[in-house]
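Notes to accompany the following structure.
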Amino acid sequence: MDDRFRIPLSPVGHPEAVVQGDRWRFTVLTEALVRIEWAPDGVFEDRASTFALHRDLPLPAFDVVESDAVVEVLTEKLHLTYDRGPFTPAGLSVQARGALTSWHSLWRYGDAAHDLGGTARTLDMADGRIPLEPGVIARGGVTALDDSTSFLFTEDGRVAPRPAGHLDLYVFASGHDYAGALRALYAVSGPQPVLPRWTLGNWWSRYRRYSADEYRELLDRFERERIRFSVAVLDMDWHRVESVPPQFGSGWTGYSWERELFPDPAAFLAELHDRGLRVTLNVHPADGVRAFEDAYPDMADALGRDPERGLPIAFDITDPAFLEAYFDVLHHRLEDEGVDFWWIDWQQGPFSRIPGIDPLWMLNHYHFLDSGRGDRRPLTFSRYAGPGSHRYPVGFSGDTIISWASLDFQPEFTATASNIGYGWWSHDVGGHLWGVRDDELTARWVQLGVWSPILRLHSSNNPFLAKEPWMFPEETRAAIDDALRFRVRLVPYLHTMNHRAAVDGVPLVLPMYHLAPDEPAAYEVPNEFGFGSELVVAPITTPRDPVTLLGSATAWLPPGLWTDITTGLVLEGGRTVRLHRDGGSVPALLKAGGILPLAAEHETDATRNPGHLEVIVAPGADGDFVLVEDDDTGTTPETIPTVRTRMRWEQATGTLTIEAADGPSGIVPETRTWTVTVLGLEPDAAITADGHAVPVTATSGRVSATVTADTAGAASVTVGADPRPHTVDVQARLFGLLNAAQYPYEAKAAVWRTIGADRNAADRLVELQAMAVPTPLLEAIGELLTAR
């Protein structure tokens with residue numbers, strides 16, 4: 001196999017980490033992870049698997065206690081007990097050691113999984129919740145990942161099936177150290193790669209028979225609307241579909257441009273690049289290569305076939321000769337024209353000519369490796385194939401049904417995928433097919449897309465199923481416009497978290513129980529999630545209430561202060577609260593001391609490091625953030641040139657210090673403009689920059705000042721000693737809430753008198769409850785009355 005298909009492997013465990021008998025073998029990989037094997041023929045597996053590439057890890061400390069009847073292996077984190085016989089629930093167990101007392105902290109062989117779920121291959125045709133495959137995070141502290149049926153990698157880049165009857169289990173016993181469980185997973189399976197920066201902006205995708213001219217007109221319209229995309233997705237009609245001669249059957253698979261629509265593909269792709277877009281093409285490879293394809297003669301020659309006979313070339317990804325020709329002949333010529341990466345739309349199941357080898361796995365693995373040739377940063381776009389798939393971003397979650405039930409499951413589905421280390425899902429934002437037009441649903445879905453790993457709009461081939469914002473009434477259009485523009489502004493933060501995911505093993509989106517594993521309430525908010533190091537987000541995934549006209553979401557806030565970056569609402573944490581928002585935003589809360597770097601509003605190009613940034617600060621505690629930027633070269637954290645800019649918030653002095661950029665020259669501008677925005681302050685706050693007074697811009701609950709400085713030096717902005725954030729204009733907010741409520745006028749007046757009474761918030765809420773105020777309205781009032 002070509003060198004591009006070889007990957008670094010270290011699959012043989014440390015010899016001193018092995019405890020074994022004639023048919024069983026245990027390898028202590030970390031203090032909280034043990035590999036358990038059963039080989040009926042006594043031959044154990046030392047080749048890498050799709051999940052486990054690296055078993056040669058530093059030797060952990062452990063003890064072995066043996067008797068004629070039992071073998072025990074003990075580390076600081078786990079206690080394995082084994083009776084030396086064939087594996088049974090009574091004879092093989094692993095206990096998570098530590099403070100956990102749940103019976104789930106004991107794993108027995110053959111037990112049903114007690115983990116918190118991982119992810120799934122696809123959301124194709126799912127209308128709401130679906131079962132999830134296993135992850136490595138368990139509330140009881142111990143769970144097993146079964147790797148027995150995965151296939152194997154050989155040192156020369158080929159693959160091989162597993163021998164029948166062998167068992168290969170990885171028992172994670174990390175207790176409530178969920179971050180440690182993920183570090184162990186990445187240590188064995190390999191890290192998430194660093195995505196190109198441009199993947200983190202907006203993607204335009206629609207299943208539609210575009211022509212080159214129509215696509216140009218679409219992009220021109222988006223330019224006029226001040227909405228920018230960084231990825232152009234061309235669905236399957238880029239290739240011949242309707243023009244395929246009938247004797248060849250379906251046009252579902254194709255590799256030849258539809259010249260009626262794209263008469264000059266290279267020029268079209270060059271123009272997209274000139275507009276700052278990268279391009280991916282959809283391909284359904286299952287039907288192989290047929291004689292009508294432009295590349296058929298070369299493909300036949302590469303495989304030793306007679307092209308004159310015109311016989312179809314079957315898709316067989318397990319054949320090394322086909323595999324190399326598949327890339328070299330079919331794909332590289334299109335990449336030479338300007339295609340940047342491929343959307344692999346495999347829907348035909350896990351079966352290939354060799355039992356146990358899943359074509360989807362093969363496509364993901366080899367497409368990713370091939371895309372990285374020539375020192376390019378590798379990328380693919382395909383469905384999840386099982387544990388280890390985190391190495392091949394971006395994930396395509398399939399054809400989503402348009403419904404509130406689908407939307408309501410997506411935040412949980414995205415966050416829970418982190419339990420198997422899978423951090424870069426891309427969903428059909430807005431839904432793909434079927435359903436009923438619901439403008440509120442579309443807006444809420446796009447708002448969720450802002451706070452998703454990838455934001456890719458998509459819809460099916462239906463003239464009425466559009467995602468262009470101008471196709472919606474004003475309220476919906478404004479919400480979609482704002483969401484797409486804000487996503488581009490988020491890219492500096494997202495790209496920093498992209499590097500963090502690859503280097504530190506922390507996915508961008510995390511379930512709340514990762515932030516507080518010992519807090520029961522954190523397990524009761526499946527749709528809320530941590531978003532990078534600074535934020536928690538509670539997307540709104542149900543229709544608005546007819547009385548308040550507000551959408552709402554239940555959130556548990558960790559202890560401390562939390563400030564909504566859009567509304568300026570300041571909330572005390574350590575409690576569960578119902579959050580309410582109008583159609584323009586969803587709750588996104590910045591922790592006390594949190595620092596959120598954004599591109600300035602006019603910086604609409606997600607492909608480059610901006611010259612003007614806004615830095616949002618939530619006061620209330622000290623904070624520290626390191627902005628990471630690169631030049632889109634290099635392939636791994638070790639080879640990617642990066643610049644790091646540290647920002648420090650000192651609560652005692654109310655000062656944000658932006659330190660000198662640290663890294664190679666030429667990656668960030670020599671001079672930068674910084675707009676520093678501090679949340680939760682009155683509009684009359686005075687601000688100084690490097691000791692000098694500067695003009696202040698103030699809106700409700702936020703004050704801003706702008707400075708320009710050389711990136712080789714430091715800059716500081718001060719708002720005054722120990723600023724105490726609070727919610728500004730609470731009474732005005734309460735009046736606005738009641739004024740908009742679809743509720744009897746006299747009842748509103750009575751509610752307003754109670755709200756204004758000189759009593760504490762709890763007493764007023766009790767009285768409002770006794771007045772039979774509708775629950776959604778009562779909860780919305782309570783959110784404001786209990787705000788700081």
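The values are calculated or read from the model by the stated rules, or taken from the named source; none is laboratory data. Predicted, not measured: the structure shown is a model, and the values here were computed from it. Every residue, glycine as well, gets a Cβ built from its backbone with ideal geometry; the counts of neighbours run over all protein chains shown. Side chains are part of the model used for accessible areas, which takes the heavy atoms of the whole protein and leaves out ligands, DNA and RNA. Shrake-Rupley method; radii C 1.70, N 1.55, O 1.52, S 1.80 Å.
What is the projected area of the convex hull of the Cα atoms of the stretch 31-119, averaged over all directions, in nm²? Could the numbers behind the result be given before it?
Details: hull surface 30.4 nm².
Across all orientations, the stretch 31-119 yields a mean hull projection of 7.6 nm².
In Å², and per residue, what accessible area does the chain have when probed at 1.4 Å with the other protein chains present? Don't skip to the end; give the middle numbers.
Numbers: 29240 Å² over 788 residues.
Heavy-atom accessible area per residue stands at 37 Å².
Could you tell me the calculated FRET efficiency between Arg84 and Thr154, based on Cβ-Cβ distance and R0 = 30 angstrom, to the nearest 0.05? Let's see the in-between values first.
Working: r = 32 Å, r/R0 = 1.07.
Once the sixth-power term is evaluated, E becomes 0.40.
Based solely on its DSSP helices, what 222 nm [θ] is calculated for the chain when runs of n ≥ 4 H residues each add -39,500 (n - 2.57) and the sum is averaged over all residues, nearest 500 deg cm²/dmol? Please list the in-between numbers first.
Values: 16 runs with 169 residues, N = 788.
My calculation for the chain gives -6500 deg cm²/dmol from helical runs alone.
Top to bottom by accessible area (1.4 Å), largest first, where do Met512, Met1 land? Walk me through the numbers before you get to the answer.
Details: Met512 0, Met1 40 Å².
The ordering from most to least exposed comes out as Met1, Met512.
Debye sum, Cα scatterers, the stretch 286-328, no solvent: what log₁₀ I/I(0) at q = 0.14, 0.31 1/Å?
-0.25, -1.26
Between Gln247 and Ala732, what length comes free when the chain is fully extended (0.36 nm per residue of separation minus the Cα-Cα distance, one decimal in nm)?
Details: separation 485, 0.36 × 485 = 174.60 nm, distance 7.07 nm.
Length difference between fully extended and current span is 167.5 nm.
Does the stretch 236-385 come out rounded, prolate or oblate, given a ≥ b ≥ c as the square roots of the eigenvalues of its C-alpha gyration tensor, rounded meaning a/c under 1.5 and, failing that, prolate meaning a/b above b/c? The partial results should precede the final answer.
Details: a/c = 1.56, a/b = 1.10, b/c = 1.42.
Judged from the Cα gyration tensor, the stretch 236-385 comes out oblate (a/c at least 1.5, b/c at or above a/b).
Of all the accessible heavy-atom surface of the stretch 519-608, with the other protein chains kept in place and a 1.4 Å probe, what percent is carbon and sulfur?
Values: 1380 of 2650 Å².
Roughly 52 percent of what the probe reaches on the stretch 519-608 is carbon or sulfur.
Where Rh denotes the Kirkwood radius from the mean inverse Cα pair distance, what is Rg over Rh for the chain? Could you put the intermediate results ahead of the total?
Working: Rg = 28.0 Å, Rh = 28.4 Å.
For the chain, the value is 0.99.
Could you tell me whether the stretch 477-614 comes out rounded, prolate or oblate from its Cα gyration tensor? Rule is a ≥ b ≥ c as square roots of the eigenvalues, rounded for a/c under 1.5, then prolate if a/b exceeds b/c, otherwise oblate. Kindly include the intermediate steps, with their values, before the conclusion.
Working: a/c = 1.95, a/b = 1.18, b/c = 1.66.
Judged from the Cα gyration tensor, the stretch 477-614 comes out oblate (a/c at least 1.5, b/c at or above a/b).
Expressed in nm to one decimal, what extension gain is obtained for the pair Asp306 and Leu167 from 0.36 nm per residue of sequence separation less their Cα-Cα distance? Display every interim value, and only then the final one.
Details: separation 139, 0.36 × 139 = 50.04 nm, distance 4.49 nm.
Gain on extension, Asp306 to Leu167, equals 45.6 nm.
How charged is the neighbourhood of Ala160? Take every other residue with its Cβ under 12 Å from the Cβ of Ala160, and add Lys/Arg as +1 and Asp/Glu as -1.
Taking every other residue near Ala160 into account, the sum is 0.
Given a cut-off of under 8 Å on Cα pairs at least six residues apart, what relative contact order in percent is computed for the chain? Could the numbers behind the result be given before it?
Working: 1812 pairs, mean separation 74.9, N = 788.
Averaging sequence separation for qualifying contacts and normalising by length gives 10 percent for the chain.
Pairs of alpha-carbon atoms within less than 8 angstrom and 6+ residues apart define the contacts here; what relative contact order does the stretch 127-222 have, in percent? Each step should come with its number before you reach the end.
On the way: 72 pairs, mean separation 22.4, N = 96.
Here the relative contact order equals 23 percent.
Could you pull out every one of the lysines with an alpha carbon less than 16 Å from that of Lys467, ignoring same-chain neighbours closer than 8 positions?
Within reach: none.
If you roll a 1.4 Å probe over the stretch 1-58 with all protein chains in place, what percent of the accessible area is carbon or sulfur? Walk me through the numbers before you get to the answer.
On the way: 1150 of 2350 Å².
Roughly 49 percent of what the probe reaches on the stretch 1-58 is carbon or sulfur.
Leaving out ligands, DNA and RNA, and with a 1.4 Å probe, what % of the accessible surface on the stretch 401-499 is carbon or sulfur? It would help to have the intermediate numbers written out before the result.
Details: 1400 of 2440 Å².
So the carbon and sulfur contribution to the accessible surface is 57 percent.
Along the charge dipole of the stretch 363-417, which of Ser371, His390, Ile401 sits closest to the positive end, that is, farthest toward it, with unit charges on the beta carbon of Lys, Arg, Asp and Glu (+1, +1, -1, -1)?
Of the options given, the answer is Ser371.
How would Asp370, Asp690 line up by accessible area, probe 1.4 Å, largest first?
Details: Asp370 5, Asp690 90 Å².
The ordering from most to least exposed comes out as Asp690, Asp370.
To the nearest 10 square angstrom, what accessible area does Val503 show with a 1.4 Å probe?
Counting only protein heavy atoms, Val503 exposes about 90 Å² to solvent.
If you take the charge dipole of the stretch 427-552 about its Cα centre, with +1 on Lys and Arg Cβ and -1 on Asp and Glu Cβ, which of Pro520, Asn462, Asn498 is farthest toward its positive end?
Most positive-ward Cα: Asn462.
Working from the alpha-carbon coordinates of the stretch 282-368, get Rg over Rh, Rh being the Kirkwood radius.
Numbers: Rg = 12.8 Å, Rh = 13.5 Å.
Ratio value, two decimals: 0.95.
Just to make sure I understand: if all protein chains stay in place, what is the order of Arg391, Arg648 by accessible area at 1.4 Å, largest first?
Values: Arg391 20, Arg648 80 Å².
My answer, sorted largest first, is Arg648, Arg391.
Once you keep just the Cα pairs under 8 angstrom separated by 6 or more residues, what percentage relative contact order results for the stretch 577-721?
Numbers: 319 pairs, mean separation 30.9, N = 145.
Taking the mean separation of contacting Cα pairs over the length of the stretch 577-721, I get 21 percent.
Could you work out how far apart the two model spin labels at Ala721 and Asp146 are, taking each label as a point 7 Å from the Cα in the direction of the beta carbon, and quote it in nm?
Here the answer is 6.5 nm between the modelled labels.
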